[in-house]
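One structure below.
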Amino acid sequence: MQRRTCWARRAELALAQGDPALALDIADRLIASAPGMSSGCVVTLLWRLKGEALTAMPRNRVGTLGHAEEARSLLQAAAEHAQAPEERFHRWRVHASLGRLYCVMNRQPEAEREFAVASELVEALAQAVPGQAFRDNFLQRARSTLRPRPLT
């Protein structure tokens with residue numbers, strides 16, 4: 001399990017470094033090797049990672065519209081799955097990812113709605129963070145992700 005977590009973090013690092021192809025490859029491998037996967041099964045973190053990787057794929061590549069639609073499908077499934085109480089820490093990230101995807105798709109009203117949902121979830125989570133300094137740090141870092149990332 002720890003090795004899989006490290007690979008998921010490596011995919012996040014690849015995204016942060018502007019390498020969505022590597023992130024997509026890692027996400028696909030993690031999904032394919034997930035224990036107990038069956039049809040209809042959703043792993044919120046992996047669906048989000050794959051959706052973000054597809055969103056970040058260069059726009060000049062053939063199939064970009066297909067990438068956006070696949071990303072939307074994955075992220076919406078992740079958002080639905082994240083409604084479970086044990087997924088609450090993933091929920092805001094999924095909505096932020098949907099917001100960024102809708103920005104790429106030039107669907108501003110949907111993007112603004114998703115960013116607003118993510119922001120509300122961040123504020124609610126912050127209430128449970130002990131200590132003002134920790135709470136402020138969480139809010140600052142989380143809010144910084146609630147803006148569209150520049151396209152590469």
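Values in this text are rule-based calculations from the coordinates and carry no lab data. Source: prediction; values computed, not measured. Every residue, glycine as well, gets a Cβ built from its backbone with ideal geometry; the counts of neighbours run over all protein chains shown.
Points to keep in mind about this one:
- Förster radius 30 Å - calculated FRET efficiency between residue 138 and residue 69, Cβ distance, rounded to 0.05: 0.35
- Isotropically averaged projected area of the stretch 2-144, using the convex hull of Cα atoms (one quarter of hull area), nm²: 9.3
- Only Lys, Arg (+1) and Asp, Glu (-1) charged, at Cβ; the stretch 2-144 dipole about Cα centre in debye: 320
- Lys/Arg +1, Asp/Glu -1 at C-beta; the stretch 1-143 dipole; positive extreme among 44, 73, 118: 44
- Given R0 = 22 Å, the distance between the Cβ atoms of residue 2 and residue 128 translates into a calculated FRET efficiency of 0.30.
- Ascending count of other beta-carbon atoms within 10 Å, so fewest first, for 29, 141: 141, 29
- 3J(HN,Hα) couplings calculated from phi for the stretch 45-52 with the Karplus curve 6.51 cos²θ - 1.76 cosθ + 1.60 (θ = phi - 60°) are, in sequence order, 4, 5, 5, 5, 4, 5, x, 5 Hz; Gly and Pro show x.
- Residue-averaged 222 nm ellipticity for the chain, from DSSP H runs of 4+ at -39500 (n - 2.57), nearest 500: -23500 deg cm²/dmol
- Taking the number of Cβ atoms within 10 Å of each Cβ as an exposure proxy, the fewest-first ranking of 44, 5 is 5, 44.
- Extension gain for the segment residue 16 to residue 113, taken as residue separation times 0.36 nm less the Cα-Cα distance, is 32.5 nm to one decimal.
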